[in-house]
1. Which condition breaks for residue 142 when tested against (1) touching a residue at least 12 places away in the same chain (Cβ under 8 Å); (2) over 24 Å from residue 68 (Cα atoms); (3) aromatic (Phe, Trp, Tyr)?
2. Here is a list of conditions, (1) at pLDDT below 95; (2) within 16 Å of the ligand (Cβ to nearest atom); (3) closer than 23 Å to residue 149 by Cα, and residue 92 meets all of them except one; can you say which number that is?
3. How do the pairs read when you match residues in segment 78-92 that are within 24 Å of residue 29 (Cβ to Cβ) with residues anywhere that are in a strand (DSSP E or B) and of a type in the set (Asp, Glu), using Cβ under 8 Å and keeping only pairs 6 or more apart or on different chains?
4. Can you name the condition, by its number, that residue 115 falls short on among (1) under 13 Å from the mean Cα position of the chain (by Cα); (2) at pLDDT below 95; (3) crowded, with 18+ Cβ neighbours inside 10 Å; (4) over 19 Å from residue 27 (Cα atoms)?
5. State whether one or more residues within segment 125-136 are touching a helix residue (DSSP H, G or I) at 6+ places or on another chain (Cβ under 7 Å) and more than 29 Å from residue 2 (Cβ to Cβ).
6. Among the strands (runs of 3 or more DSSP E) confined wholly to segment 62-149, which include 1 or more residues that are closer than 23 Å to residue 9 by Cβ?
Amino acid sequence: MDWRERCRFRDMTNSDIIDIIAITKENMSEIIRYTWGALRDQNYEECFIKNLISVGTVKTIYSNSFIIGYFWFNEINNEERLFINSIRIKFDYQRRGIGTQAMKRLEHEALAHGIRHLRLSVQVINLKAIEFYRSSGFQEVFQEGGATHMHKEIFQGP
Ligand SMILES: CC(C)(COP(=O)(O)OP(=O)(O)OC[C@H]1O[C@@H](n2cnc3c(N)ncnc32)[C@H](O)[C@@H]1OP(=O)(O)O)[C@@H](O)C(=O)NCCC(=O)NCCS
């Protein structure tokens with residue numbers, strides 16, 4: 001059984017937050033340092049946790065009993081769109097198809113809520129993530145403030 005088959009998804013609980021912060025720091029520290037500079041301090045972490053708990057939906061990705069990643073999204077009210085805040089996979093588990101599985105799960109959730117448009121923004125310097133989103137079928141719409149905005153229209157399968 002490969003990693004794609006082994007990974008599972010569930011709603012985030014408060015006890016997952018420590019792991020989520022660790023994953024975020026591990027794989028985003030370079031980007032955060034480059035983009036937000038001084039914001040990468042205690043206030044940033046507090047603000048991140050507050051948003052994590054209060055904004056949208058966070059699903060953890062786990063294998064056996066440990067967390068290997070998460071994704072975070074929110075519906076844009078009355079616009080039939082879903083905005084992807086982030087998808088993050090633990091460094092040692094990247095490039096094994098798990099991000100792609102998470103994206104499929106997210107699309108499934110969106111369609112179940114009648115949503116056909118996915119949106120996200122990603123830092124222009126995060127070339128690996130942009131490649132990942134392109135490979136998942138997203139297209140660049142426009143660039144603004146150091147971020148690339150991307151879009152994908154999804155359809156119900158046969
Ligand atoms: C971006 C990310 C979510 C991708 O998850 P993943 O599980 O590694 O991605 P997958 O294994 O499903 O990759 C699918 C395809 O995306 C592209 N891709 C993924 N990682 C890539 C990389 N580092 N460089 C170039 N292309 C990449 C490839 O086309 C890949 O297919 P292939 O492996 O057959 O060539 C993961 O690398 C990550 O967590 N990165 C750090 C956090 C981040 O930047 N998140 C996005 C912004 S919030």
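The values are calculated or read from the model by the stated rules, or taken from the named source; none is laboratory data. As the structure is a prediction and not an experimental result, all values here were calculated from the model. Cβ coordinates were reconstructed from backbone atoms using ideal geometry, including for glycine residues, and neighbour counts include every protein chain displayed.
1. (1)
2. Condition (3) is where residue 92 drops out.
3. Short answer, once both residue conditions are applied: 83/75.
4. Among (1) under 13 Å from the mean Cα position of the chain (by Cα); (2) at pLDDT below 95; (3) crowded, with 18+ Cβ neighbours inside 10 Å; (4) over 19 Å from residue 27 (Cα atoms), residue 115 violates only (1).
5. Residues of segment 125-136 that are touching a helix residue (DSSP H, G or I) at 6+ places or on another chain (Cβ under 7 Å), as a first pass: 125-126, 132, 136.
If we keep only those that are more than 29 Å from residue 2 (Cβ to Cβ) too, we end up with 125.
For segment 125-136, residues touching a helix residue (DSSP H, G or I) at 6+ places or on another chain (Cβ under 7 Å) and more than 29 Å from residue 2 (Cβ to Cβ): present.
6. Working: elements: 66-76, 81-89, 117-123, 139-144.
Where strands (runs of 3 or more DSSP E) fall fully within segment 62-149 and carry at least 1 residues being closer than 23 Å to residue 9 by Cβ, they are 66-76, 81-89, 117-123.
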